[in-house]
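I have placed the structure first, in the form of structure tokens, so that the comments after it can refer back to it.
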Amino acid sequence: MEGLIMTAQLLLSLSILIVVHEWGHFFAARTFNIKVEKFYLFFDFLFPMANVLNFSLFKWKKGDTEYGVGWFPLGGYVKIAGMVDESMDKEQMKQPPQPWEFRSKPAWQRLIVMLGGIIVNVIVGVLIFIGMTYFIGDRFILNEYVNNHGGVEAREIAQQLGIQSGDKIIKINGKPFEYFDDVTKTDVLLSQNSSYSVLRGDQELQIPIPANFIENFGKKEAMANFLLPRTSPTVESVLPKSVAEKVGLKQGDVFIEVQNTPVKYMDEVRALVKNKQYDTIQFKVKRGNEVLSFKEYFKGQSSIGFYPIFQLVTPEGEKRISYSLGQSILLGPGRAFDVIGVQLKAFGKIFRREISMKNSLSGPIGMAKMYGSVWDWERFWKMTGLLSMVLAFMNLLPIPALDGGYVMFLLYEMITGREPSEKFFENSIKVGMAILLGLMVFVFYNDIAKMIMGN
């Protein structure tokens, strides 16, 4: 069920973004009186083989355009008359150019048509970020509160970095900061020579962030969860057939001792229980004003068997900010284009071989996981806005068969006054499709390998 929810969110998000992207091309083409023969969500063929398994789930025709939904759910396209595209319709290109065809129009008009999808993706991404800023605003965890309430809980990846639970992070890159959320920002983890200043007891330590550190994410822990505020070991619910159920733990019980060791935070309970070979386990909980002691057979068990209440901080540990529509209109675009900045930094690290492509790229399976197993509209629209900007960026890459490849050829034509030969253009599209197919196979294999290996 969780997998279905994740997949449904991804498909809905991509469907919205594909439709608006292709509409951008469609609108620009129709503005210049170019005939659009097809407008499809998903492919009605086995991409990139345009003549294999040609069928649609449903279709209808209005005017000169056939609208439809294809069966192959990894993209979409508009078939613009007089243009070599995914459909590879060579027969049409053998006919004399017609005034309503793409190839008959001036280079500047063709450039706008090719940029139409990217422009609309950027507009949609910006609008989503404006909407998120206006309707939801910001909620920040105050770092001072975290440091005054036990410091951080360091998960496995954070421990590999050298951070311990109970540490207090007081600086990022040598500068004090107000919001705990800054600790896990992608921008911090991607920047050159980043570091944390950590207070451990009375000692201040420098924890450098390696250039390839971001590769760890997507394997065992999400980026937002490798460092967390410490939380109370308060029971939310118990698992069936567990130690917690056998002894009768109830919602609201608070652990105060495990194996004769006092505990105050949930990470301390985990550390005393996880992977321990106890024949019996003993612990104390506080229920109201009463302290209850338990001792139970534990051989072969790996946990007590309860879910804690997941409340990172109390209301006084948060700062909520609401924005007017005007403020949101000013802030939204910057937040949207920050996504592009992160992409550029990530590509820079890949090219410098500081992080590997294998650990940086995710396919549909990895993307679906990012939406989460519970349908959360706030997270859905945040992911959709982020993906809209990422799709705009990726489509602008100068790879033949992507919009950026067409743009590259059109700019060459506009600068030199010479149009690339039809044969060269056709072969370049084939090369581009081969690159995209290889990338598609790679990311699918990468996703499946991560699932099999438990990463």
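The values are calculated or read from the model by the stated rules, or taken from the named source; none is laboratory data. Remember, predicted model here, so these are calculated numbers, not experimental data. Cβ coordinates were reconstructed from backbone atoms using ideal geometry, including for glycine residues, and neighbour counts include every protein chain displayed.
What the table shows:
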| item | result |
| --- | --- |
| Strands (runs of 3 or more DSSP E) contained entirely in the stretch 233-297, each with at least 1 residues that are free of Cβ contacts under 8 Å to residues at least 12 places away in the same chain and either closer than 23 Å to Gly166 by Cβ or not β-branched (Val, Ile, Thr) (or both) | 290-297 |
| In the stretch 149-200, the residues that are without any contact (Cβ under 8 Å) to a residue 12 or more places away in the chain and either surrounded by 16 or more Cβ atoms within 10 Å (Cβ to Cβ) or touching an Asp or Glu at 6+ places or on another chain (Cβ under 6 Å) (or both) | Lys185 |
| Criterion violated by Ile141 - all others in (1) assigned to a strand (DSSP E or B); (2) β-branched (Val, Ile, Thr); (3) in contact with a His (Cβ under 7 Å, 6 or more places away or on another chain) satisfied | (3) |
| Residues being crowded, with 18+ Cβ neighbours inside 10 Å, hydroxyl-bearing (Ser, Thr, Tyr) and over 30 Å from Ile170 (Cα atoms) - total across the stretch 95-148 | 1 |
| Qualifying position, being charged (D, E, K, R) and over 30 Å from Met266 (Cα atoms), among Lys349, Lys319 | Lys349 |
| Filter pass, Ile172 being more than 24 Å from Lys264 (Cβ to Cβ) and modelled with pLDDT of 95 or more | yes |
| Any hit, the stretch 154-161, residues being modelled with pLDDT of 95 or more, out of contact with any Leu (no Cβ under 6 Å at 6 or more places or on another chain), part of a helix (DSSP H, G or I) and not charged (D, E, K, R) | no |
| The stretch 363-386 residues that are more than 15 Å from Gly332 (Cα to Cα) and at pLDDT 75 or above, paired with ones that are of a type in the set (A, V, I, L, M) and outside any helix (DSSP H, G or I) (beta carbon under 8 Å, 6 or more apart) | Glu378/Ile136 |
| Residue under evaluation Gly317, criteria (1) touching a Ser or Thr at 6+ places or on another chain (Cβ under 9 Å); (2) surrounded by 15 or more Cβ atoms within 10 Å (Cβ to Cβ), criterion not met | (1) |
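The rows are residues; the columns are (1) touching a strand residue (DSSP E or B) at 6+ places or on another chain (Cβ under 8 Å); (2) outside any helix (DSSP H, G or I); (3) modelled with pLDDT under 90; (4) on the phi > 0 side of the Ramachandran plot.
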| position | (1), (2), (3), (4) |
| --- | --- |
| Ala8 | no, no, yes, no |
| Ser15 | yes, no, no, no |
| Lys59 | yes, yes, no, no |
| Val69 | yes, yes, no, no |
